[in-house]
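Written out below as structure tokens is the structure these notes cover.
The values are calculated or read from the model by the stated rules, or taken from the named source; none is laboratory data. Everything numeric here is computed off the predicted structure, so don't read it as measured data. Quick reminder, even Gly has a Cβ in these numbers, built from the backbone with ideal geometry, and neighbours come from all protein chains shown. Side chains are part of the model used for accessible areas, which takes the heavy atoms of the whole protein and leaves out ligands, DNA and RNA. Shrake-Rupley method; radii C 1.70, N 1.55, O 1.52, S 1.80 Å.
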Amino acid sequence: MQVSTTDKMISAVVYVLFSLFAFMCVYPFYSIIINTISANDLSAKGEIAFWPRGIHFQNYVDVFKIPGLWNAFVISMGRTVIGTLLTVGASAFLGFMFAQEDMWGKKFWYRFTIITMFFNAGIIPWYLTMRSLHLTNNFLAYVLPSIVAPFFIILVKTFVESTPKELQQAASIDGAGIITIFYKIILPISKPILATVAIFSAVNQWNSFQDTLLLVTDSKLYSLQFILYNYINQASSLSTMVNLQNAGSTAMSSLSTKQTTTSIRMTVTIIVVAPILLIYPIFQRFFVKGIIIGAVKG
């Protein structure tokens, strides 16, 4: 089929626009990465724009020497894995139950759950509730409040309702109970929507730092995002501390590897962001299908 000149021009414009949009999305990450591996004195002056100069990896070696970083990484990884598993499990089961016509009090419990999306008591009542439940300076404060997520329940419920009811009916006729139907029928066919919920939940858990700010004073329970928040605000003093730790080292004799406020900020940013970026390639093949099928139908 012959393509007209107009169609070719439109296609060219579309490709250019999307290329520019992709560049705007990717460049900030690229810029941070090349600044972390470039000469620190040039990076601090803002002279690194498109290509790294004076490539070295001392920044990453030095940043990992900062006290508390490894412990914060373990806390963030733990809350992300445990919190995501609990949220996905609860969303899958509740979404499945709310899709059952014969569930007792289905409309009441569904509306009771969904209404929490629209009404919030505020930070002070939330804090008082968490304190009364002894969830201050407690790792459980990271995972328990996020187990029941109304938005994820809606996604799973809509997905389950879109599956053929004959599957559940056939299993029920064969004597399968509600739990058996859930584990052996619904879960295996719900991978796309559960992967979507897992991505959203993992990103929320990994990026969260407000709960640490409000509920945690024990430094052993600090999350990586909270550490990043503090380190960005204290980057100048941290760069001085790291330089003092490396005083006398031949690697630190050059300005190109001497830590600066900019090098500390950008290196810690990459360390915090990189792990969560690895989740998307793993679940990408499920994500689009899951979010489309699980979209709210009204």
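Contour minus end-to-end for K45 and L128, with contour as 0.36 nm per residue of separation and end-to-end as the Cα-Cα distance?
Full extension from K45 to L128 adds 25.2 nm.
Between W70 and Q100, what's the calculated FRET efficiency when r is the beta-carbon distance and R0 is 45 Å? Round to 0.05.
0.45
Subtract the Cα-Cα distance of Y183 and L144 from 0.36 nm times their separation in residues, and report this length gain in nm to one decimal.
11.8 nm
Could you sort W104, W206 by accessible area so the largest value comes first, with the probe set to 1.4 Å?
Of W104, W206, the descending order of accessible area is W104, W206.
Would you work out the Kirkwood radius for the range 66-243? I mean one over the mean of 1/r across all pairs of different Cα atoms, in Å.
Computed over Cα pairs of the range 66-243, the Kirkwood hydrodynamic radius comes out at 18.5 Å.
Taking the C-alpha atoms of the range 1-141, how large are the radius of gyration and the largest Cα-Cα span, Dmax, in Å?
Gyration radius and largest Cα-Cα distance of the range 1-141: 25.9, 72 Å.
Extension gain T113-T163, at 0.36 nm per residue separation less the Cα-Cα distance, in nm?
This chain segment gains 15.7 nm when fully extended.
If I model a spin label at T6 and L20 as a point 7 Å from the Cα along the Cα→Cβ vector, what separation in nanometres do I get?
According to this spin-label approximation, the distance is 2.3 nm.
Ignoring ligands, DNA and RNA, please state the percent of accessible area on the range 66-243 from carbon and sulfur, probe 1.4 Å.
67 percent
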